[in-house]
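Below is one structure; the comments refer to it alone.
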């Protein structure tokens, strides 16, 4: 059985890993961005309409007012719409979802490893601190990369404008972007993964220090000198 100190450190890390799974799981189902813009029929300078695109990773809504005629309020499937558009928007969005799926698997691995270490002593195997460092570190890195790619897709590629004007016979401009809960949840997700690493690192450092003290050279110990 592991020591009480080790159980406390790894259990704390397990709680953080479980929190990471919950945060990312919920974040992937929430809305990520809202893009608001004005629109006008093609070959017209009358920008008297508006379009509002609210996107999650999988679903979203599209609200248009006189864009180009009357109004509409539709639920959209993001991947289906991006498949119709193609190009960089689809590739980047697919990468974001793929990276977050891998990050979620990494967090689940961290949770299993930390729980195993609260009841056993795998020491320096891949099921010990090394495994936790790998899984949580990879999860945090993938989430950060997904965050950057999503920013590029929304702000540089302008995926919101692409969705609004695809097969709609309109042109849009003056886009205003607001990032929503799903996007911002990546930040606490990265933080809890780093904290999970920190707790296990502190235990590993303390355990290594204690082991080195136990393995001091024998000449440092008191000696009884016997004369024959």
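Look through 6, 64 and report the one residue that is in a helix (DSSP H, G or I), touching a residue at least 24 places away in the same chain (Cβ under 8 Å), buried (at least 16 other Cβ atoms within 10 Å of the Cβ) and more than 24 Å from the chain's Cα centre (by Cα). Give the derivation first.
Details: 64 fails: in a helix (DSSP H, G or I).
Answer to the selection: 6.
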Where in the stretch 117-200 are the helices (runs of 4 or more DSSP H), entirely inside, with at least 2 residues that are out of contact with any helix residue (DSSP H, G or I) (no Cβ under 9 Å at 6 or more places or on another chain), within 17 Å of residue 62 (Cβ to Cβ) and in contact (Cβ under 8 Å) with a residue 12 or more places away in the chain?
-> 159-165
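Please find, among 71, 109, 27, 19, the residue that is under 24 Å from the mean Cα position of the chain (by Cα), without any contact (Cβ under 8 Å) to a residue 60 or more places away in the chain and more than 20 Å from residue 158 (Cβ to Cβ).
Values: 71 fails: under 24 Å from the mean Cα position of the chain (by Cα); 27 fails: without any contact (Cβ under 8 Å) to a residue 60 or more places away in the chain; 19 fails: without any contact (Cβ under 8 Å) to a residue 60 or more places away in the chain.
The unique qualifying residue is 109.
Given the residues 99, 104, 95, which is the only one that is in a helix (DSSP H, G or I), farther than 27 Å from residue 15 by Cβ and at pLDDT 95 or above? Even if it seems obvious, please write down each step before you answer.
Values: 99 fails: farther than 27 Å from residue 15 by Cβ; 104 fails: farther than 27 Å from residue 15 by Cβ.
Just one listed residue meets the conditions, 95.
Is it fair to say residue 112 is at pLDDT 90 or above, surrounded by fewer than 17 Cβ atoms within 10 Å (Cβ to Cβ) and closer than 30 Å to residue 6 by Cβ? First the steps, then the outcome.
Numbers: at pLDDT 90 or above: yes; surrounded by fewer than 17 Cβ atoms within 10 Å (Cβ to Cβ): yes; closer than 30 Å to residue 6 by Cβ: yes.
Considered against the rule, which asks whether it is at pLDDT 90 or above, surrounded by fewer than 17 Cβ atoms within 10 Å (Cβ to Cβ) and closer than 30 Å to residue 6 by Cβ, residue 112 comes out as yes.
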Report yes if residue 51 is at pLDDT below 90, surrounded by 20 or more Cβ atoms within 10 Å (Cβ to Cβ) and part of a strand (DSSP E or B), otherwise no.
-> yes
Residue 89 vs. criteria surrounded by 18 or more Cβ atoms within 10 Å (Cβ to Cβ) and either within 30 Å of residue 122 (Cβ to Cβ) or out of contact with any strand residue (DSSP E or B) (no Cβ under 8 Å at 6 or more places or on another chain) (or both) = yes
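The values are calculated or read from the model by the stated rules, or taken from the named source; none is laboratory data. Just so it is clear, the structure is predicted and the values come from calculations on it, not from any experiment. When we count neighbours, we look across all protein chains shown, and the Cβ atoms used for this are built from the backbone with ideal geometry, even at glycine.
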